[in-house]
Amino acid sequence: MLSETVTQAVQQASEGISIEISTILKFGIGMAFVMFIIYLLAELTPKIAKRTDKFLEKHRPAKNKDDRTHEVKSIYDMPDKK
């Protein structure tokens with residue numbers, strides 16, 4: 001729908017016909033809606049990440065004391081046994 005109105009506006013402008021105000025308003029409202037969605041995603045992402053981190057802390061399995069994998073820096077650097 002939005003692409004049709006933009007296409008119509010371009011065609012009218014190329015023909016020398018003035019663009020109607022309603023077409024400009026539809027396009028402007030569409031762009032404002034897209035920007036609003038981007039804003040909401042930018043605001044909600046840290047909050048969702050915080051909740052996800054809390055959830056993972058509660059449901060993460062307990063670490064084994066003999067497990068040394070948290071000390072591994074790469075696949076070739078297994079730490080020495082103590």
Original post:
Applying 1/(1 + (r/R0)^6) with R0 = 41 Å to the Cβ-Cβ distance of Gln8 and Arg60, what FRET efficiency is obtained, to the nearest 0.05?
Top reply: 0.15
Subject >> Under 14 Å, Cβ to Cβ, from Lys58 - net charge with Lys/Arg +1 and Asp/Glu -1 >> reply: +2
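Each value in this text was obtained by applying a stated rule to the coordinates, not by laboratory testing. Keep in mind that what you see is a predicted model, and the values were worked out from it rather than measured. Don't worry about glycine lacking a Cβ; one is built from the backbone with ideal geometry, like all the others, and counts go over all protein chains shown.
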